[in-house]
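Engineer: The following block contains the structure, expressed as structure tokens.
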Amino acid sequence: MLKETKHRDTFLIASLIFGMFFGAGNLIFPVQMGQNAGGNWLPATLGFLITGTAVPFLAMLAVSITDSTGVYDVAKPVAPWFATLFLILLHLTIGPFFGTPRTAATAFSMGVAPFLPARFQTLGMLIFSALFFSFAYYLTTKQSDLVKWIGRYLNPLFLVLLVLVLVLSFVLPMGSLKQAVQPTYASNTFFQGFLDGYNTMDGLALLAFAVTIVYAVQGLGYKKEQVPKMLAKSGLFSILAEALLYVGLVVLGTSSLSLFKAAANGGTAFSQIVHHYLGNFGLLFTAVLVTLAVFTTAMGLFASFSQDMHKRFPKVSYLAWLRITAVGSFITANAGLTNIIAWAVPVLMLMYPLALVLILLSLFSKFFKRSRIVYRATIFLTLPAALLDLCANLPVTNLPVITPLVDGYHKYLPLAALGLGWVLPALVGAFLGLSLFYFKNRLNSQPTKASKEETAAENS
């Protein structure tokens, strides 16, 4: 018997989804973009909302429509080996290599570092990250506790604190939205905002979090066939809330230019804004707010990494994978936030196009019956452009073979110079794949000469 859907459960899962993917990056990148875009904040925000909110929601719909329970199922039509490789790369990207370490590094740089002398920064980060990841590990050892800790307690508290700052900014605005525009946003502002949305990692995160959210819904007593509808409804609420917060944070960053110069990063900018409204108490307030934001995300990343990897490699237990990601995240986090961000960008330029293509193919899969031909043709043509986007964004420059190759790629392929060179190859691949699919189906549906003769004989 199916359980009756309750509004309380819908909002609880929506709170869980929001709490897992809205981390410090989601908090500071919109503020930084607001300062950089200045008077062009609106087109930049529209581009940002596509990759920052629309894509994650489409990822949830893709999981829902295809009855998937994780990222492996979404990528499997290409080939099982590709799905396994994509799953591993995605979880390493948003997990122990970049995403999870960034949670602790951001919390420390914004919430703890201002209180420590320069000579104690390295030791402070070591101790803080050890405590941070140990606590995250402890709270995710029981998978059923995720809904309770994130959905009921931590995320609502975080939202109350953040909304307080935004309400103050609208009641007591810092200044006009007609501010100077940084060169990067002077032209192609929409596309720049689109690429900035990559930094949130939400499109990738929602594919990874799918397995955790599915387990959470089932843990509330809902049957497998009820999961897709619950996922779509809860996801819509969480995405709408995130979109509203993004707009508020971008406006906050833009208006802050009336009082402050553009900061080196969104974390510094947000700290200045909070200090403006709350004085010295603002430092402590920022520490609590940012730590809550990143901690819920770290818990979600820990759980999804361990659940997906255990599902794919069942001989290694959930707790063992949990320890692997906790230790790996601790090591990477102490490499420094600047290094993490610098190396995360090129990897995201590779992973995001592949994720976007898989999401879109999943959404329209019923029109071509999830045909491997369509999936393979599209991914095959998308991958080279995505690899070149990775090379173009490496922190190192003037590489002997790669640099001339990237220059030619930017010069001759449409949109490549904007970081979207994968779009045209993906469209061509999809067209070729669909053409082959329909041509093959048409051949299979046409009766052979022998079958025509048999039919004629029967009719006679």
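The values are calculated or read from the model by the stated rules, or taken from the named source; none is laboratory data. Given the structure is predicted, the values throughout are model-derived calculations rather than measurements. A quick note on method: Cβ atoms are made from the backbone with ideal geometry, for glycine too, and the neighbour counts reach across all protein chains shown.
Engineer: Let me spell it out: the conditions are (1) buried (at least 24 other Cβ atoms within 10 Å of the Cβ); (2) at pLDDT 90 or above, and PHE190 meets all of them except one. Which number is the exception?
Structural biologist: With respect to (1) buried (at least 24 other Cβ atoms within 10 Å of the Cβ); (2) at pLDDT 90 or above, PHE190 is out only on (1).
Engineer: Another one. Could you tell me whether the stretch 89-110 includes any residue that is over 26 Å from the mean Cα position of the chain (by Cα) and in the same structural domain as MET20 (by TED's automatic domain parsing)?
Structural biologist: No, there is no match, as no residue in the stretch 89-110 is over 26 Å from the mean Cα position of the chain (by Cα) and in the same structural domain as MET20 (by TED's automatic domain parsing).
Engineer: If I go through the stretch 106-159 residue by residue, how many of them are at pLDDT 85 or above, of a type in the set (Ser, Thr, Tyr) and closer than 19 Å to MET299 by Cα?
Structural biologist: 6
Engineer: Here's something else I'd like to know. Looking at ALA83, is it in contact with a Lys or Arg (Cβ under 7 Å, 6 or more places away or on another chain) and either assigned by TED's automatic domain parsing to the domain that holds ALA320 or touching a residue at least 24 places away in the same chain (Cβ under 8 Å) (or both)?
Structural biologist: It is true that ALA83 is in contact with a Lys or Arg (Cβ under 7 Å, 6 or more places away or on another chain) and either assigned by TED's automatic domain parsing to the domain that holds ALA320 or touching a residue at least 24 places away in the same chain (Cβ under 8 Å) (or both).
Engineer: I would also like to ask the following. What about GLY266, is it at pLDDT 90 or above and within 22 Å of VAL31 (Cβ to Cβ)?
Structural biologist: Judged against the criteria, GLY266 is not a match.
Engineer: So, of the residues in the stretch 375-402 that are exposed (fewer than 15 other Cβ atoms within 10 Å of the Cβ) and of a type in the set (S, T, N, Q), which turns out to be nearest to GLY197 (Cα to Cα)?
Structural biologist: Within the stretch 375-402, the match that is nearest to GLY197 (Cα to Cα) is THR397.
Engineer: Check GLY197 against each of (1) out of contact with any helix residue (DSSP H, G or I) (no Cβ under 9 Å at 6 or more places or on another chain); (2) modelled with pLDDT of 85 or more and name the one condition it does not meet.
Structural biologist: (1)
Engineer: In the list ILE65, ILE13, which residue meets the criterion of being in the same structural domain as MET299 (by TED's automatic domain parsing), over 17 Å from LEU204 (Cβ atoms), within 20 Å of the chain's Cα centre (by Cα) and crowded, with 22+ Cβ neighbours inside 10 Å?
Structural biologist: Step by step, each of ILE65, ILE13 is checked, and only ILE13 is in the same structural domain as MET299 (by TED's automatic domain parsing), over 17 Å from LEU204 (Cβ atoms), within 20 Å of the chain's Cα centre (by Cα) and crowded, with 22+ Cβ neighbours inside 10 Å.
Engineer: Condition test on ALA287, is it surrounded by fewer than 23 Cβ atoms within 10 Å (Cβ to Cβ), within 19 Å of MET20 (Cα to Cα) and over 19 Å from the mean Cα position of the chain (by Cα)?
Structural biologist: yes
One line per residue, one yes/no per condition, for (1) under 25 Å from LEU16 (Cα atoms); (2) in a helix (DSSP H, G or I); (3) of a type in the set (Val, Ile, Thr):
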| position | (1), (2), (3) |
| --- | --- |
| GLY282 | no, yes, no |
| PHE295 | yes, yes, no |
| LEU301 | yes, yes, no |
| THR332 | no, yes, yes |
| ILE340 | no, yes, yes |
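Engineer: Same structure, new question: Quickly run through the stretch 110-123 and pick out the residues that are assigned to a helix (DSSP H, G or I), surrounded by fewer than 24 Cβ atoms within 10 Å (Cβ to Cβ) and out of contact with any Phe, Trp or Tyr (no Cβ under 7 Å at 6 or more places or on another chain).
Structural biologist: ALA113, PRO114, PHE115, ALA118, ARG119, PHE120, GLN121, THR122, LEU123
Engineer: For THR184, indicate whether it is in contact with an Asp or Glu (Cβ under 9 Å, 6 or more places away or on another chain), touching a residue at least 24 places away in the same chain (Cβ under 8 Å) and in a helix (DSSP H, G or I).
Structural biologist: Taking the combined requirement at face value, the residue does not satisfy it.
Quick grid of which residues meet (1) more than 26 Å from ARG323 (Cβ to Cβ); (2) touching a Ser or Thr at 6+ places or on another chain (Cβ under 8 Å); (3) of a type in the set (D, E, K, R):
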position	(1), (2), (3)
ASP9	yes, no, yes
PHE21	no, yes, no
THR45	yes, no, no
ILE50	yes, no, no
ILE65	yes, yes, no
SER68	yes, yes, no
PHE98	no, yes, no
ALA107	no, yes, no
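Engineer: Follow-up question, since we're still on this one. Any residue at all in the stretch 196-211 that is surrounded by fewer than 16 Cβ atoms within 10 Å (Cβ to Cβ), in the same structural domain as GLY19 (by TED's automatic domain parsing), in contact (Cβ under 8 Å) with a residue 60 or more places away in the chain and not in a helix (DSSP H, G or I)?
Structural biologist: Taking every residue of the stretch 196-211 in turn, none turns out to be surrounded by fewer than 16 Cβ atoms within 10 Å (Cβ to Cβ), in the same structural domain as GLY19 (by TED's automatic domain parsing), in contact (Cβ under 8 Å) with a residue 60 or more places away in the chain and not in a helix (DSSP H, G or I).
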